[in-house]
1. Taking into account only those residues within the range 170-188 that are within 17 Å of the chain's Cα centre (by Cα) and touching a residue at least 40 places away in the same chain (Cβ under 8 Å), which is farthest from Ile137 (Cα to Cα)?
2. Answer yes if at least one residue in the range 120-127 is closer than 23 Å to Ala32 by Cβ, in a helix (DSSP H, G or I) and touching an Asp or Glu at 6+ places or on another chain (Cβ under 9 Å), and no otherwise.
3. Collect the residues in the range 57-74 that are assigned to a strand (DSSP E or B) and modelled with pLDDT of 95 or more, keeping them in residue-number order.
4. For the range 75-111, what are the residues that are out of contact with any helix residue (DSSP H, G or I) (no Cβ under 6 Å at 6 or more places or on another chain), of a type in the set (A, V, I, L, M) and part of a helix (DSSP H, G or I)?
5. Say we look at the range 19-34 and pick out the residues that are touching a strand residue (DSSP E or B) at 6+ places or on another chain (Cβ under 9 Å) and at pLDDT below 95; which of these is nearest to His90 (Cα to Cα)?
6. I'd like to verify a number: residues in the range 135-162 that are in contact with a helix residue (DSSP H, G or I) (Cβ under 6 Å, 6 or more places away or on another chain) and not in a helix (DSSP H, G or I), how many?
Amino acid sequence: MASNTSNTINIAIAGVGGQGVLTLAEILAKAALAEGLNVRVGEIHGMAQRGGHVVCTVRIGDDASGPVIDAGAADLLVGFEPVETLREIHLVKKGGYVLMSSHIQYPVAVSMGKAKYPDHKDIIDSIKKFTDKIIEIDAHKIAIEAGSPRSLNMVMFGGIIGTNLIPISKESALKVISEAFPKKFEKINSMAAEIGLEQVKKQI
């Protein structure tokens, strides 16, 4: 079981515009606040429109005085896509965790034949130069099973809770989901989060 002795948990979330990276950061922050935790959220860089690289940071704990996470300081790197994960791997600390969705979303350059997408093994080997604590789930597949590919970010939210790195209960997480989304999307998003949580718990 994962644990953390520091007063602050640093989480970096990387993905592509349109995947719900910003929404995940907001939901995670709301869940932390619901548990009475101090939290700071920031967008390091990127373009939130569909297709652009997006990175958000969430810092939870007493010592979180600002949103910036230095290179080598993230306890958890959450990647919505393998190459996007690799792009920000420098943020993870030695012995930190990587939670990555294995589903590939090809960049425009690759789709146009101007670049080659790296082999999965090469991506994993590169990540292992920073940490061997890699948790992989197919969040896209799980989201479709839950009822909508748009629930991918809630799959990753459940996965974050499943790492047990953050003192946020499953009950608090599901309550925040029920309050954050319209009623018609609540069941799908809750199911997505629950499956993501269970998938990650199996690997911890």
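1. Val176
2. no
3. Taking the range 57-74 first, the residues assigned to a strand (DSSP E or B) are 57-61, 74.
Those that are assigned to a strand (DSSP E or B) and modelled with pLDDT of 95 or more: Thr57, Val58, Arg59, Ile60, Ala74.
4. Val83, Leu91, Val108, Ala109, Val110
5. Val21
6. Qualifying residue count for the region: 4.
The values are calculated or read from the model by the stated rules, or taken from the named source; none is laboratory data. Everything numeric here is computed off the predicted structure, so don't read it as measured data. Virtual Cβ from ideal backbone geometry, glycine too; neighbours counted across all protein chains shown.
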